[in-house]
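For reference, the structure I am asking about is given below.
The values are calculated or read from the model by the stated rules, or taken from the named source; none is laboratory data. Given the structure is predicted, the values throughout are model-derived calculations rather than measurements. Virtual Cβ from ideal backbone geometry, glycine too; neighbours counted across all protein chains shown. For accessibility, only protein heavy atoms count, side chains too; no ligands or nucleic acids. Shrake-Rupley method; radii C 1.70, N 1.55, O 1.52, S 1.80 Å.
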Amino acid sequence: MLHSMFWGSLIGGLTISACTPVPQSRRQYLADPTMQLGGNPLEARALRKYRGTREGANGGDGKAAGGGCGCAN
Amino acid sequence: MAISYASFVSQLSWIGGLSIILGGAAIEPESNEPESKQTATFASGLVPVPDSGERSSDESILEIGREKTWKIESVSARVGVLIQEGRGYQSQAGPREGPGSEKLLVFQPLGSLTLRQGLNWRHDIQWAMDIVTAASPDAIDATTSASRENEAGEVVVTSSVQRESPLLSQSHQVWSVSYGVHFEEHWRTFIAGMGFKQGLFADNSTIAANILGIYDSFDAVRIDGNNNDRKDRGTIAVNGSWTQILSSISIASLAYGFTYQTGTLENTWNSVPIHFSPGQTMPSATATVKQYRYPERFPDQRKRHAVAFQFAQHIPPTRSSLHLGYRFYRDDFGLSAHSGEIKAYQYLVPWIYLRGSYRLHTQNGVDFFAARMPNGVDPAQAKTSDSDLAPFVAHEWGAKLAFLLSDLLPSRRAPQLDVAYTRYIRSNHLHIHFLSLGYGQLF
């Protein structure tokens, strides 16, 4: 029940609020460094490296979930 | 500390509902807010926000003569220090039946350079090194100190070209190729990939897809330190994502990644302690490691799925931003994981912001994990005692202080500096301190 409520409210909210396109001239806040979804690329790389080598679960970030190191993860 | 799935989802539902209310309210910002932000390339739109300090002539505005020029667009560097303490059964640095020490120190310098070629081409060069000082976390130190200090390096280049979409007005396309190498002691990795991004509805939506191939070749160092042959493994990953601008102050992204791996997937130098039942003959004090430990063994293939959702909301009256993230992972080793993260940003003054973050990760472990295996198990049976693949809950707290000096100094090309600290604690006796310093410069 809670599971369905969460996904339903999320998808519904995204659909409703996505109806009005935002022109380029009104995106100054989206270009702010604090609004970048991926964050600082080098910091993200460092965090992905140490999380990926200490947890068995990677992926969902545009990179491969494994390979590239001697960590078997 | 166990976290039930229902409790996890109920907490996220609460936070998710609150965020939807904030995003849907579409609080319109004041139009006289100063445009003093750093240029952000490939941000919400697919084009850079222009830096008004550069507009001094018709030629620079129209970019006349830039068709065949090379230009350094940005330089970044980062240095991190990671201190780890812990105990894991795969480590031989301890009692024969484990757990052994997982203590290590990592020094990690990283850097990146972005080159602009003409009007449409861009080359991102990223390099990284890991210098690891390990107090015997793996078997090699049982016979030699060769890996007591381990160096690894990696260089990856991504070349991309951007153009206006021929079919969709006011939207852009980006095609990219990636290539790189990773080298680490006896380990060699080759990386290649390609990607595509398409803007929709004047770049209010962006869909992206990429495919990545990784080939690893390494010495099959055994648990007794002997090195007889060379092994390899291949990885193919396919990723897709959809990013949507929800309002002038909120954005969300949904991504899926599938990874397929084949070859020698285990660490040949990892081992699983043997548990001898009462009545069984214990190995003598001079026994070789193969008499009291099994080599780790994985299946020859692995299929991995991950779905990730991210949401960011800016609050102009308080100059704050809030990020939420969730990822679900599952693979055919039997491992399932949930990761949830929240980050809050607050500007203290227009050129300094503070970030606080919390991340929760919970996983159930692979099917063939065991701290110890009984004596007499088939050597070909999948087995691991690697603590990274065990069931556990991990908590991570972080803080970051960033200085956007271009908003303070007269030169629009002043650097950005930051310092970040992360504390990571796993329920199976591993904890980490991670401190990093960052520098970025636009040109």
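Please give the contour-minus-distance gain from B:Val419 to B:Gln117: 0.36 nm per residue of separation, less the Cα-Cα distance, rounded to one decimal in nm. Each step should come with its number before you reach the end.
Numbers: separation 302, 0.36 × 302 = 108.72 nm, distance 3.15 nm.
That works out to 105.6 nm of additional length.
Order these peptides, B:427-440, B:368-381, B:83-96, by their mean beta-carbon neighbour count within 10 angstrom, highest first.
On the way: B:427-440: 17.5, B:368-381: 14.1, B:83-96: 19.9.
Answer by packing, highest mean first, reads B:83-96, B:427-440, B:368-381.
A further question on this structure: Accessible area lost on pairing A with B, both sides, 1.4 Å probe, Å² to nearest 100? Show your work: numbers first, answer last.
Details: alone 6600 and 23390 Å², together 23280 Å².
The summed interface area works out to 6700 Å².
Same structure again: If each of B:Val81 and B:Gln346 carries a label point 7 Å out from its Cα toward its Cβ, how far apart are those two points in nm?
According to this spin-label approximation, the distance is 2.8 nm.
When the Cα centres of segment B:413-443 and segment B:266-313 are compared, how far apart do they sit, in Å?
First find each Cα centre; the distance between them is then 31 Å.
I would also like to ask the following. From other protein chains only, count the Cβ atoms within 10 Å of every residue's Cβ in B:303-310, then give the mean.
On the way: counts 1, 8, 3, 7, 2, 4, 4, 4.
Averaged over the peptide's residues, the number is 4.
Label points 7 Å out from Cα along the Cβ direction at B:Ser169 and B:Lys71: separation in nm?
2.8
Other chains' Cβ within 10 Å of B:247-258 residues: what's the mean?
Details: counts 7, 9, 8, 7, 7, 6, 2, 4, 5, 2, 8, 4.
If you average over the peptide's residues, the count of other-chain Cβ atoms is 6.
Using θ = phi - 60° and the Karplus curve 6.51 cos²θ - 1.76 cosθ + 1.60, what whole-Hz ³J(HN,Hα) does each residue of segment B:240-251 get, with Gly and Pro shown as x?
Rounded to whole hertz, the list is x, 8, 9, 10, 10, 7, 8, 7, 5, 10, 8, 8.
Size of segment B:314-433 along its principal axes in angstrom, Cα-based, largest extent first?
73, 24, 23
Cα to Cα, under 26 Å, and not fewer than 8 places away if on the same chain: which lysines meet these conditions relative to B:Lys231?
Partners within reach: A:Lys49, A:Lys63, B:Lys290, B:Lys303, B:Lys383.
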